[in-house]
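Right, one structure below, let's go through it.
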Amino acid sequence: MAGSIYHHLLSRGVTRRDFLKFCSATAATLGLSSSMVPQIAEALEKKERPSVVWLHFQECTGDSESVLRASKPSIAKVILDIVSLDYHETIMAPSGHAAEKSLHDTITKKKGKYIAVYEGAVPTKDGGIYCFVGGKKSIDTCKEVAAGAMANIAVGNCACFGGVPAAKPNPTEAKGIRDIIGGTVLNIPGCPMNPENFTAVVVHFLTFGSLPALDSLGRPLFAYGKLIHNNCERRPHFDQGQFVRQWGDQGHRLGWCLYEMGCKGPMAFQNCPTIRWNEGTSWPVQAGHPCIACATPDNWDAAYPFYQRMKAVPGVGWQANADKIGLGVAAATAAAVAAHGAIRAAKRRKECSKSEDEGHE
Amino acid sequence: MAKIVVDPITRIEGHLRIEAQVEGGKITDAWAAGTMWRGIETILKGRDPRDAWTFVSRICGV
Amino acid sequence: MATTTHREYIWELPVRITHWVNALSILTLSVTGFYIGAPFLGIPAGDDVLPMAMMRFIHFVAGYIFTASVLFRVYWWFVGNQYARLNQFIPTTWGRVQNTVQCALFYGFMEDEIPHSPGHTGMAGLSYIVVFMLFLFEVASGFALLHMANGGGIIYAIGGGWMLDILSAGTIRMLHHVFMWCIWIFVIIHVYISWHNDIIERNGLISSIFSGYKFFGDHH
């Protein structure tokens, strides 16, 4: 069908074979069986490119870069050809009034028919003045665009849960999109997000007309349902007690478990060990760096300190940890108890000698 | 005397607003404003210095 | 010094059993738990030795045993004899409050006589209810942490999975560790005070946690 996604891909030099490989890979990412591949292919062959507006708030543009940095034609690059990106400040040609007109036209003429993607947190302190785009506060733009979208997708930890701007003490009272607009927001967190997950969500939406199954944090289960610790290639080293103790030590060179270096894999849910990053090249643990649970709400405080196993006990600073404090208090208690015993013994000796003096027993 | 406002500047990272005062076909004054603030220095205070790079690298994702 | 005239059955069998099951499981949970938080063993030779996996397994099994013991004791709060019931732990009468205060003063060397309490003293009761709250938190937080790894299932969800919606996993793990230390502070004080009170009261306190009987004299 002319004007369909498939024909657009063909015109961009993607072969039929690459197209089908893409459909298979996406089905796998979504956790669907290979029998679903024809359905995905058919949807992309028939459907027109959906309109997407991509808004930027308090962000670093990492999620856009994650999608744009793909170096070879791949799942990540193809996404830009599957959708009609009608507004994206990092890559669009117009600027100023012309850019804002693009946004305004899309959300009015295609009301109810565009997908809204949000990157970056929304500040709410002091009426939300800490982020203005085109002379409008982000909090207002966010609500306006969300109202007419057929799907709202938040990408990256900042848009999902507040991310870095929301780390203590959260100077601008930054919030995730969900907390601003309520309702169903599909969250694709990560820092940055993995573009293959984003692509899979869009294809799912095009194929089935609905968003995939989400967990209680609005994250698609196909990508965020499994604990990293349970799928990590270094898990056997964990079970065997083979831990890296210092950067660059023998264990580090042998690829041992990074648990002792503060890896937060045991509390992180994402598909990094499976689909990895940069078209399956690697992921932090494979490269020898512990996981920082970047797809978890408040990971900048909850998974912090990143190079320590245990979270710092509040109020005592990052240098003390629970064990040092515990040992200290236990030792103090033992000393106090010993002192108490000594005083009691002394008192009883005095009482006994006193009662002997007085002739009792 | 006219004032030109270009906001947002696109094809950059971040949010930039440029205003220019034009008189007789020449720009006589101009302003540039970064229209977003997160407070990353404030966020870093009191944290373990060995983790600082993880926060600071998120200032810009490019 | 009192002469003993009779003995009385104070600690019922379920109370004693749960006490010792708690003691042993807390010891096991602490050692394995400490290892899970900070693996202290050297690297074992051979690929078929799995210390961390073993430690976790033992920790989980001991955790289940501990959970059963704690829950059973909670049940016994309501069906046990007068010395096992909830009002021994939470002071509900003015007399009990006075007992607690007098006890605290006695330990602080400001009072000469320990208040006479056939069962728990007021201070003991108070400390046990506090430590029980710690036990319940450890059980719930333990289930929350297990829920993340073993994913789903009604036991985990009821046991503690709900905690993950309130606190972050990092905070839960930290508190789980911190409260282990709190429980050990309690253990140090508890063992000492039991020994101390056995000598002061001369009623066979230490042996009573094995036999169930305390011995009383003229002052009963």
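The values are calculated or read from the model by the stated rules, or taken from the named source; none is laboratory data. Since we're looking at a predicted model, the values are computed, not measured. Glycine also receives a Cβ, built like all others from the backbone with ideal geometry; neighbour counts cover every protein chain displayed. In case anyone asks, the SASA skips ligands and DNA or RNA and just uses the protein heavy atoms, side chains included. Shrake-Rupley method; radii C 1.70, N 1.55, O 1.52, S 1.80 Å.
Here's the yes/no breakdown for (1) at negative phi; (2) touching a strand residue (DSSP E or B) at 6+ places or on another chain (Cβ under 6 Å); (3) of a type in the set (A, V, I, L, M):
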position	(1), (2), (3)
C:GLU113	yes, no, no
C:SER141	yes, no, no
C:ASP165	yes, no, no
C:ILE172	yes, no, yes
C:VAL178	yes, no, yes
C:VAL187	yes, no, yes
C:ILE200	yes, no, yes
C:ILE206	yes, no, yes
C:GLY212	no, yes, no
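Residues checked against (1) open to solvent by 50 Å² or more (accessible area, probe 1.4 Å); (2) farther than 20 Å from A:ALA293 by Cα; (3) without any contact (Cβ under 8 Å) to a residue 60 or more places away in the chain:
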| residue | (1), (2), (3) |
| --- | --- |
| A:THR207 | no, yes, no |
| A:LYS226 | yes, no, yes |
| A:PHE243 | no, no, yes |
| A:ASP249 | no, yes, yes |
| A:ASN271 | no, no, no |
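Every residue, every condition in (1) of a type in the set (Gly, Ala, Ser); (2) touching a Ser or Thr at 6+ places or on another chain (Cβ under 9 Å); (3) more than 14 Å from chain A (Cβ to nearest Cβ), yes or no:
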residue: C:THR92; (1), (2), (3): no, no, yes
residue: C:GLY95; (1), (2), (3): yes, no, yes
residue: C:VAL101; (1), (2), (3): no, no, yes
residue: C:GLY108; (1), (2), (3): yes, no, no
residue: C:GLU111; (1), (2), (3): no, no, no
residue: C:HIS116; (1), (2), (3): no, no, yes
residue: C:LEU126; (1), (2), (3): no, yes, yes
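Select the helices (runs of 4 or more DSSP H) contained entirely in segment A:92-208, then report the ones holding at least 1 residues which are of a type in the set (A, V, I, L, M) and facing chain B (nearest Cβ under 9 Å).
It comes to A:96-109.
I'm trying to understand the selection: among the residues of segment A:24-59, which are assigned to a strand (DSSP E or B) and either without any contact (Cβ under 8 Å) to a residue 40 or more places away in the chain or not aromatic (Phe, Trp, Tyr) (or both)?
Listed by number, the residues that qualify are A:GLU48, A:SER51, A:VAL52, A:VAL53, A:LEU55, A:HIS56, A:GLN58.
Note down all Cβ pairs under 7 Å where the first residue falls in segment A:321-335 and is more than 8 Å from every other protein chain (Cβ to nearest Cβ), the second is open to solvent by less than 60 Å² (accessible area, probe 1.4 Å) and polar (S, T, N, Q), and they're at least six residues apart or on different chains.
Matching pairs, first to second residue: A:ASN321/A:GLN308.
Assuming A:LYS311 fulfils every condition listed in (1) within 30 Å of A:CYS160 (Cβ to Cβ); (2) facing chain C (nearest Cβ under 9 Å); (3) open to solvent by 30 Å² or more (accessible area, probe 1.4 Å); (4) touching a residue at least 12 places away in the same chain (Cβ under 8 Å) apart from one, which condition is it?
(4)
Do you know which of the residues in segment B:6-53 that are at the interface with chain A (Cβ under 9 Å from one of its Cβ atoms), of a type in the set (A, V, I, L, M) and under 15 Å from the mean Cα position of the chain (by Cα) is least open to solvent (accessible area, probe 1.4 Å)?
Once the filter is applied, the top-ranked residue is B:ILE40.
Considering only segment A:223-250, how many residues are assigned to a helix (DSSP H, G or I) and of a type outside the set (Asp, Glu)?
11
Any residue in segment C:84-109 that is in contact (Cβ under 8 Å) with a residue 60 or more places away in the chain and more than 17 Å from C:ILE189 (Cβ to Cβ) sitting within a Cβ distance under 8 Å of a residue that is open to solvent by less than 50 Å² (accessible area, probe 1.4 Å) and assigned to a helix (DSSP H, G or I)? List the pairs, counting only those 6 or more apart or interchain.
Cβ pairs passing all conditions: C:ALA84/C:PRO14; C:ALA84/C:VAL15; C:ALA84/C:TRP76; C:ALA84/C:TRP77.
Run down C:ILE10, C:ILE17 and say which single residue is under 30 Å from C:LEU86 (Cα atoms) and open to solvent by less than 40 Å² (accessible area, probe 1.4 Å).
It is C:ILE10.
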